[in-house]
1. Given (1) farther than 30 Å from Leu133 by Cα; (2) of a type in the set (D, E, K, R); (3) part of a loop (DSSP other than H, G, I, E, B), where does Glu71 come up short, assuming only one miss?
2. Those residues that are touching a residue at least 12 places away in the same chain (Cβ under 8 Å) and touching a helix residue (DSSP H, G or I) at 6+ places or on another chain (Cβ under 8 Å), I need them from the stretch 96-107; list them, please.
3. In the stretch 74-100, which residue that is small (Gly, Ala, Ser) and closer than 26 Å to Trp128 by Cα is farthest from the chain's Cα centre (by Cα)?
4. It is to be established whether one or more residues within the stretch 77-87 are surrounded by 12 or more Cβ atoms within 10 Å (Cβ to Cβ) and not in a helix (DSSP H, G or I).
5. Go through the stretch 119-141 and report how many residues are over 19 Å from the mean Cα position of the chain (by Cα), farther than 18 Å from Glu108 by Cβ and of a type in the set (Lys, Arg).
6. Identify, from the list Ser58, Ser36, Ser113, Ser32, the residue that is among the polar types (S, T, N, Q) and in contact (Cβ under 8 Å) with a residue 24 or more places away in the chain.
7. Keeping to the stretch 18-41, report how many residues are in contact with a strand residue (DSSP E or B) (Cβ under 6 Å, 6 or more places away or on another chain), outside any loop (DSSP other than H, G, I, E, B) and of a type in the set (S, T, N, Q).
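Only the coordinates and a few stated rules stand behind these numbers; no lab work does. In this text the structure is predicted, and so the values were computed from the model without any measurement. For neighbour counting, all protein chains shown are included, and Cβ atoms are generated from backbone atoms with ideal geometry for every residue, glycine included.
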Amino acid sequence: GSGSLAIELALSEAGVPFRVEDTSIEGAAQRSEWFSAINPQRKVPALLTPQGETLTESAAILLSLDERHREAALLPPAGTPERAQALRWLLFISSEIYPLIEVIDYPERFEASPGTADATRALAKAKWRDRWLLVERAIAG
């Protein structure tokens, strides 16, 4: 649920050597001082580049990898209808689906009033499912 798998797959597809640092979400490692120095938002994924920059946010990392490794054709070429659709769905996942995972996993952070975590989780799950159904319908044509 961290979004890092897509980054690992893109790095592999592009032939970019990388090392994964295990950051246990269950153990709240992303909230540690060590990880906070990498990403002050304390969220994964984060990519440290050989140039010393830190990239965060799955969509931004994927777009950066595509720009830096065009030969890998991670996304369709710029200016094409195929790229427009790829960006549409990449950003849909990033903005409409991915944020709901945090609400599902940690509903107490988002409950409107104490004791409503279960209802908050249920609502987020329903919205998450509705959004995936949109994706499924688009794939089915």
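1. Condition (3) is where Glu71 drops out.
2. Glu96, Ile97, Tyr98, Leu100, Ile101, Val103, Ile104, Pro107
3. Here the residue is Ala84.
4. no
5. Residues that pass the stated criteria total 1.
6. Only one candidate passes the filter, namely Ser58.
7. 0
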